Amino acid sequence: MEHQPFTVAEKRPIRPEMTVSRPAKLGSSTGVSWFSLGAGTSITAESYDSPVLYLGAEGSAVFLLGREAKPVPLGAGEVLFVPPGTLCGVQSGEGAIYTEIIPEKELIMNNIVKSGEAFALKDLISYEEGSIANLDVAHTDNMKFVLMAFDEGTGLTPHRAPGNAILTALEGKAIIGYEGKDYELNAGESFRFDKNGLHSVTAQGRFKMSLLLVLE
């Protein structure tokens, strides 16, 4: 697999009058899919026995939650947690692209993320002087979704992760080292690491990112 910075819109571009999904293929234990909705399209309400996380990537969509169809807008860079057994439909007037994460096991959420509300990911974590801050948003036994904030001059030295992962820049930019090559990553772009792939992160000024790690 080619390793280059990418956007979710490049992986699952919007098609007029269509809703389309594509698996991210991070692993079999956690369902991770990229969705695109054409302008004026919708997905009929359904529910899952598992909790679901939605991550906005581009455009905007309105998620309709519960039997009362409570409208919850989701925009780029935002996260929405939907509890198991909750009816959930989606509609978009302008078109939207988002990631859907469905874990097989019980999802443990950070208390700062309330169900049925959308939050801007970059606003959930703060910079700490001269430090790298971490915030565990959600996890299971075999999946972690975390946020990291790098103060200027900080970074992660080369290391290997125990699973496939996708890093997404939320604010600022960084240099991503992967298997001996360097790549510039800007806000809105993502990068995939394979299990045990040697990688590093060097902030270029202040930098915030999310990391979705599937352990198998």
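The values are calculated or read from the model by the stated rules, or taken from the named source; none is laboratory data. Keep in mind that what you see is a predicted model, and the values were worked out from it rather than measured. Here the Cβ positions follow ideal geometry from the backbone for every residue, glycine too, while neighbour counts run over all protein chains shown. Just so you know, the surface numbers come from the protein's heavy atoms only, side chains and all, with ligands and any DNA or RNA stripped out. Shrake-Rupley method; radii C 1.70, N 1.55, O 1.52, S 1.80 Å.
Probe radius 1.4 Å, ligands and nucleic acids ignored: give me the carbon and sulfur share of the accessible area of the chain as a rounded percent.
47
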Accessible area per residue for the chain in Å², computed with a 1.4 Å probe and the full protein assembly in place, what is it? 47
Just subtract the alpha-carbon distance of residue 134 and residue 216 from 0.36 nm times their residue separation and send over the number in nm, one decimal. 27.3 nm
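Just add up the charged neighbours of residue 164: K/R +1, D/E -1, any other residue whose Cβ is under 13 Å from the Cβ of residue 164.
After counting each charged neighbour, the total is +3.
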Under the rule of -39500 (n - 2.57) per DSSP H run of 4 or more residues, summed and divided by the residues of the chain, what mean residue ellipticity at 222 nm is obtained, to the nearest 500 deg cm²/dmol? -500 deg cm²/dmol
What does the accessible area of residue 42 come to, in Å² to the nearest 10, when a probe of 1.4 Å is used? 70
What's the ranking of 31-39, 192-200 by average number of surrounding C-beta atoms within 10 Å, highest first? 31-39, 192-200
How big is the Kirkwood radius of the chain, worked out from every pair of different alpha carbons and given in Å to one decimal? 17.5
R0 = 41 Å: FRET efficiency of residue 18 with residue 183, Cβ-based, nearest 0.05? 0.85
Quick check on region 1-129: take the gyration tensor over C-alpha atoms, sort the square-rooted eigenvalues as a ≥ b ≥ c, and tell me if it's rounded (a/c under 1.5), prolate or oblate. rounded
Point-to-point label distance, residue 115-residue 202, nm (Cα→Cβ direction, 7 Å offset): 4.5
Relative packing of 143-149, 85-91, which averages over residues the other C-beta atoms within 10 Å, highest first: 143-149, 85-91
Could you give the size of the charge dipole of region 68-216 about its Cα centre, using +1 on the Cβ of each K and R and -1 on the Cβ of each D and E, expressed in debye and rounded to the nearest 20? 140
State whether region 79-138 is rounded, prolate or oblate according to the following rule on the C-alpha gyration tensor (a ≥ b ≥ c being the square roots of its eigenvalues): a/c under 1.5 gives rounded; otherwise a/b larger than b/c gives prolate, and the remaining case gives oblate. oblate
Give the shape of region 101-170 as rounded, prolate or oblate, defined through the alpha-carbon gyration tensor: a ≥ b ≥ c are the square roots of its eigenvalues, a/c under 1.5 means rounded, and otherwise the shape is prolate if a/b is larger than b/c and oblate if not. oblate
Hydrodynamic radius of region 137-216 per Kirkwood, over alpha carbon pairs, in Å: 12.5
Treating only Lys and Arg (+1) and Asp and Glu (-1) as charged, each at its beta carbon, one finds that region 127-181 has a dipole about its Cα centre, in Debye to the nearest 20, of 320
In terms of the charge dipole of region 108-150, which places +1 on Lys and Arg and -1 on Asp and Glu at the beta carbon, the residue among 133, 150, 110 farthest towards the positive end is 110
P(r) tail for region 1-54, what percent of Cα pairs lie past 12 Å? 74
